[in-house]
Amino acid sequence: MTASSWRVLGATGFVGSAITTALQTKNIAVTPVSTPRLASPATTVHHLIEHAQRLESVIDYLADSFAGADIVINAAGLAAPDQTHQQSLTGANALLPVLVALAAHRTGVRRVIHISSASVQGDAPVLDESIRTAPFSAYSLSKALGESALYRLRSQWDTESHAPQLTVLRATSVMGSGRRTTRLLAKFASSVFSSVAGDGTAPTPVTSVKALAQFAVAVGEFPEPLPAVILQPWEGATTGSVLRDAGRRNPLQLPPFLCRAVIDGGFWVSGLANNRFNGAIRRLEVTWFGQRQVPGWAHENGVIPEPNVQEVLRQAHLSLGK
């Protein structure tokens, strides 16, 4: 599939700017699209789509912005894992993707790629490319709702030859220069508290924004039909290697049963506070235990970006002294 023109929502953000740069590097015509600020009280797919269909002025604006485009990438959203204001999260992470899909359908866009998050599957033993979700926070709930709405639209449009192909690309734990999450990880890895559960050989879905951007472009250019869900490929990191790269020291190896008790206790306390701390506790859980993922579509089709996470984490450590 050869694309002549792309649109990127969230082009000034962390992921969107990396995707835009990757497209420009390949001399692909790309135009950024400003993202409207949205909020929604919807809690179900039905009400979310209903809400979106009422926002004619927003759909018109997006449709005008998509005119002449072959591919639209929605990299916009509210990347706030610790935020608890559900309506803002739902507007940015669920309502917007639906509006993008509706506008693309109206305009004749061929493919829409929505950047979502593997956090929608929570603490699943293995991340996969099923539509199954298990949200554990307000943020992951909003992301899961957005995904579910796109699956509904994809199913409804399945028999329409002119409808855009909707694909969810689930990013994993993405690191990059200047990102607060990456800097916090480097600080933890450089401290005396740097630790893992067990021997540190567990695989972890920590990845780089450069690899994600390259992968998103490759997915967009793929000449054959895409599945509903694609998972960002693993870059080979383990719980131990991540902390060694980000902290330049060997992490403590803690008994897994002790780490599990701390995590379970943390979620219990968070539950008393309306799950307010679930995001932070989940990040610690992944840092200690990691999370496996299926090889998936990327490996089946040989669409593997160049690993870059080791370089990103080492640069994050060096930047701590600046």
message = Can you tell me which residue is most open to solvent (accessible area, probe 1.4 Å) among those in segment 304-322 that are closer than 20 Å to residue 287 by Cβ and in a loop (DSSP other than H, G, I, E, B)?
response = 307
message = Residues that are touching a Phe, Trp or Tyr at 6+ places or on another chain (Cβ under 8 Å), in a loop (DSSP other than H, G, I, E, B) and among the hydrophobic types (A, V, I, L, M, F, W, C): does segment 37-55 have at least one?
response = no
task = Please tell me if residue 149 is over 15 Å from the mean Cα position of the chain (by Cα), modelled with pLDDT of 95 or more and of a type in the set (A, V, I, L, M).
result = yes
key: Single condition residue 91 does not satisfy, out of (1) more than 26 Å from residue 177 (Cα to Cα); (2) not in a helix (DSSP H, G or I)   = (2)
inquiry  = Taking the conditions exactly as written (at pLDDT 95 or above and either of a type in the set (S, T, N, Q) or touching a strand residue (DSSP E or B) at 6+ places or on another chain (Cβ under 9 Å) (or both)), does residue 4 satisfy them or not?
reply    = no
message = Just to be sure before I move on: is residue 178 closer than 16 Å to residue 79 by Cβ and more than 16 Å from the chain's Cα centre (by Cα) in the structure I sent?
response = yes
note = Of the residues in segment 162-196, those that are under 18 Å from residue 250 (Cα atoms), open to solvent by less than 80 Å² (accessible area, probe 1.4 Å), out of contact with any Gly (no Cβ under 7 Å at 6 or more places or on another chain) and not aliphatic (A, V, I, L, M) come to 188, 191, 195
query = For segment 231-261, which residues satisfy the criterion of being open to solvent by 70 Å² or more (accessible area, probe 1.4 Å) and closer than 15 Å to residue 197 by Cα?
reply = 244, 250, 252, 253, 257, 258, 260
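Conditions tested, residue by residue: (1) of a type outside the set (D, E, K, R); (2) open to solvent by 10 Å² or more (accessible area, probe 1.4 Å); (3) in a helix (DSSP H, G or I).
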| position | (1), (2), (3) |
| --- | --- |
| 130 | yes, yes, no |
| 133 | yes, yes, no |
| 139 | yes, yes, yes |
| 142 | yes, no, yes |
| 146 | yes, no, yes |
| 160 | no, yes, no |
Residue identified as in contact with a Gly (Cβ under 9 Å, 6 or more places away or on another chain), surrounded by fewer than 24 Cβ atoms within 10 Å (Cβ to Cβ), over 24 Å from residue 18 (Cβ atoms) and among the β-branched types (Val, Ile, Thr) among 44, 107 = 107
inquiry  = Kindly evaluate residue 226 against the criterion of being open to solvent by less than 50 Å² (accessible area, probe 1.4 Å) and farther than 25 Å from residue 136 by Cα.
reply    = yes
ask   = For segment 277-298, how many residues meet the condition of being surrounded by fewer than 16 Cβ atoms within 10 Å (Cβ to Cβ) and either of a type in the set (Asp, Glu) or farther than 21 Å from residue 201 by Cβ (or both)?
value = 1
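The values are calculated or read from the model by the stated rules, or taken from the named source; none is laboratory data. Bear in mind that the values here come from a model prediction, so they are computed numbers and not experimental data. Please note: Cβ atoms are built from the backbone with ideal geometry, for glycine as well, and neighbour counts cover all protein chains shown. The area values use the complete protein model at the heavy-atom level, side chains included, leaving out ligands, DNA and RNA. Shrake-Rupley method; radii C 1.70, N 1.55, O 1.52, S 1.80 Å.
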